[in-house]
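Written out below as structure tokens is the structure these notes cover.
The values are calculated or read from the model by the stated rules, or taken from the named source; none is laboratory data. All values reported here derive from a predicted model rather than from experimental measurement. Positions of Cβ are backbone-derived with ideal geometry, glycine not excepted, and every protein chain shown enters the neighbour counts. Protein only, heavy atoms only, side chains kept; ligands, DNA and RNA dropped before computing areas. Shrake-Rupley method; radii C 1.70, N 1.55, O 1.52, S 1.80 Å.
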Amino acid sequence: MHLTFDSDQHSGSPDRSARLTAHVSNDGRTRMPLTFRIETDPATPARVHGPSMLEPGQAAEVVVTVAPPRNPAHTLVRVRLTAIPTDGTDAAQATATVDFSTRRCAHFVAQPTLSLEPDGTVSAAFALLNCGSIDLSATLSVRRGDGGELTVDQPELELSIGPDPFSLSVTISSTDDRPFRELEQLECTVSVGGDLLAATWAPVQKRMAPPPGRRPARLLWPVLVAVLVAVVVLATGIGSRSGSGTLGPVSPAADTPTSSVTPSSTPVPTPKPSPEPKPPTISGFTGRFEAIGCAVTLSWSASGKITDMRLVRQNDSRSTTLAVDDRSYVDDLTVAPRVAAAASTSQNITVSYEVTASGPGGSKTATTRVTGTCKPPARPDLAVESISGNGVTVVNRGNAAAAAFTVVISGKSVSTNPLASGEERTIEDDLCEGNQWAVVDPDDRVEESDETNNSLSTQVIC
């Protein structure tokens, strides 16, 4: 079996959980039942979701979610993931580090496009990426090469962290009477609270004009109409002169009205206004209790331009905002206010959730209620049952099989095979002398429901 994280270095945000991905594979020839254990240093809430069974040759994804440390002074969290086969096969481990420190970073994905408009202003298009660990409220500034400040109509930016760049179009105006020149270099900067995060230079370009020798098609129609009318009038005059045989000038008849045709110009189409942005949509918001443990799995679909996603848990008149960055979330209720007590007594728990997606066009909210019972996971419970002159008897009092483990008998280490639920085994040894002691699973390789009953000491008399 192999277990590896996709990367051993991860960046997190101080106000939201970090998502780590690992892969586990079964290199054997038999089916492999699995359980997973996640450990963090310093201790912080973490969850792991992976397959419970692997077929021979199968590989699967394991997702680990790590919450930020409660102590802001601890920004580096070490994560150790263990895959434990319940058939006695050796376990596999993988480690990674998550940095939850506050990092502010912005980056111009490409050189800005600056176009000189007929009214003397400059229209600018930017593509910015938040490459830090927190959302940014930033300011966009533009200045000339000599340091002269310019006016930006929309200088305030809200940049959310994520892999997708943020597109922005603004209008730049001069603060004095100096006009913009073609190929003039302008400096574009992004800052937060006076701290410069990104800077780049870009030239002012003129808008593209039609190629020489060609006119726009809409200006050609009036000319064609005028030529056609002239041909018709000329043809009519020649026809009237042909009846008199006179080559002199032709005068219109007194009873023939004269008409003048004025070429009409084609109206310039009015640009359509940009459509108002629409709010995001949310559908299919559902939740369910996990079959084992005390966690609720939530999922939903969201579409549209989304800049912020928030999930709120409401239980026992308390509201808790949960950090989400995806379209699903697993809520560990053992850390929720006043839920742990109910979980220990297997009481029914009802929890309400509200998810809100926000964007430039507004926000959309959906709600759901989930009712269920917390069920502790099945785990083994190894204990030293007795010590006699013939050896040590160990028992599995838990409701799940225990993988292979070690027993230390008065200083001697003995390895033993997996032990099924309710099964006991005697490890034979000659212990007919004085005080004898034994410890089962001394290195804590087996995750048990009770870790306090793993040792026994007694005076053996034979």
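Conditions: (1) free of Cβ contacts under 8 Å to residues at least 40 places away in the same chain; (2) more than 17 Å from SER133 (Cβ to Cβ); (3) open to solvent by less than 60 Å² (accessible area, probe 1.4 Å); (4) not in a strand (DSSP E or B). ALA60 meets all but one. Number of the miss?
The single condition ALA60 does not satisfy is (4).
Scan the range 166-204 for residues that are open to solvent by less than 40 Å² (accessible area, probe 1.4 Å) and under 30 Å from SER13 (Cα atoms) and jot them down.
LEU168, VAL170, CYS188, THR189, VAL190, SER191, VAL192, ALA198, THR200
Name the residue, out of THR82, THR97, THR151, THR102, that is of a type in the set (Ser, Thr, Tyr) and over 26 Å from the mean Cα position of the chain (by Cα).
Only one candidate qualifies: THR151.
Might you check whether a residue that is within 30 Å of GLU182 (Cβ to Cβ), touching a Lys or Arg at 6+ places or on another chain (Cβ under 8 Å), hydroxyl-bearing (Ser, Thr, Tyr) and not in a loop (DSSP other than H, G, I, E, B) occurs anywhere in the range 119-138?
No.
Check whether at least one residue in the range 352-366 is under 30 Å from SER283 (Cβ atoms), open to solvent by less than 20 Å² (accessible area, probe 1.4 Å) and either outside any strand (DSSP E or B) or aromatic (Phe, Trp, Tyr) (or both), and report yes or no.
Yes, the range 352-366 contains at least one residue that is under 30 Å from SER283 (Cβ atoms), open to solvent by less than 20 Å² (accessible area, probe 1.4 Å) and either outside any strand (DSSP E or B) or aromatic (Phe, Trp, Tyr) (or both).
Which of the residues belonging to the range 409-462 are open to solvent by 70 Å² or more (accessible area, probe 1.4 Å), part of a loop (DSSP other than H, G, I, E, B) and over 16 Å from SER386 (Cα atoms)?
Within the range 409-462, ASN417, ASP443, ASP444, ARG445, SER449, GLU451 meet the criteria.
Quick one: count up the residues across the range 374-399 that are at pLDDT 90 or above, surrounded by fewer than 19 Cβ atoms within 10 Å (Cβ to Cβ) and not in a strand (DSSP E or B).
Number satisfying all stated conditions: 1.
For the range 99-120, give me each residue that is farther than 15 Å from ASP135 by Cβ and aliphatic (A, V, I, L, M).
Correct list: VAL109, ALA110, LEU114, LEU116.
Give the residues of the range 17-57 that are more than 13 Å from VAL79 (Cα to Cα), open to solvent by 50 Å² or more (accessible area, probe 1.4 Å) and not aliphatic (A, V, I, L, M), sorted by residue number.
Answer for the range 17-57, where residues must be more than 13 Å from VAL79 (Cα to Cα), open to solvent by 50 Å² or more (accessible area, probe 1.4 Å) and not aliphatic (A, V, I, L, M): HIS23, ASP27, ARG29, THR30, ARG31, THR35, HIS49, SER52, GLU55, PRO56, GLY57.
Looking at (1) in a loop (DSSP other than H, G, I, E, B); (2) under 25 Å from SER160 (Cβ atoms); (3) basic (Lys, Arg), which one does ARG47 not meet, given that it meets all the others?
Status for ARG47: all satisfied but (1).
So, THR406, is that one farther than 25 Å from PHE36 by Cα, surrounded by fewer than 16 Cβ atoms within 10 Å (Cβ to Cβ) and modelled with pLDDT of 90 or more or not? Full working, then the answer.
Working: farther than 25 Å from PHE36 by Cα: no; surrounded by fewer than 16 Cβ atoms within 10 Å (Cβ to Cβ): yes; modelled with pLDDT of 90 or more: yes.
No; evaluated as a whole, the condition is false for this residue.
Is it the case that PRO163 is exposed (fewer than 15 other Cβ atoms within 10 Å of the Cβ), at pLDDT 90 or above, of a type outside the set (Gly, Ala, Ser) and closer than 24 Å to GLY359 by Cα?
No; evaluated as a whole, the condition is false for this residue.
Can you run down the residue pairs with Cβ atoms below 6 Å, 6 or more apart or on separate chains, where the first is in the range 294-309 and closer than 15 Å to SER358 by Cα and of a type in the set (Phe, Trp, Tyr) and the partner is at pLDDT 85 or above and open to solvent by 40 Å² or more (accessible area, probe 1.4 Å)?
Note: pairs meeting the criteria are TRP300/GLY284.
May I ask you to list pairs of residues, at least six apart or on different chains, whose Cβ atoms are under 8 Å apart, with the first in the range 425-437 being closer than 12 Å to VAL414 by Cβ and the second being surrounded by 12 or more Cβ atoms within 10 Å (Cβ to Cβ) and polar (S, T, N, Q)?
What qualifies is ARG425/THR393; ARG425/THR416; THR426/ASN390; THR426/THR393; ILE427/THR393; ILE427/THR416; GLU428/ASN390; ASP429/ASN390.
Can you tell me which residue in the range 2-16 is nearest to SER328 (Cα to Cα), limited to those that are open to solvent by 50 Å² or more (accessible area, probe 1.4 Å) and not in a strand (DSSP E or B)?
Only one residue tops the list, namely ASP15.
Would you check which residues across the range 63-74 are assigned to a loop (DSSP other than H, G, I, E, B) and within 11 Å of THR44 (Cα to Cα) and list them?
The answer is ALA67, PRO68, PRO69, ARG70, ASN71, HIS74.
Considering only residues that are open to solvent by 50 Å² or more (accessible area, probe 1.4 Å) and assigned to a loop (DSSP other than H, G, I, E, B), look in the range 139-151 and name the one that is nearest to LEU186 (Cα to Cα).
Looking at the filtered set, the residue picked out is GLY145.
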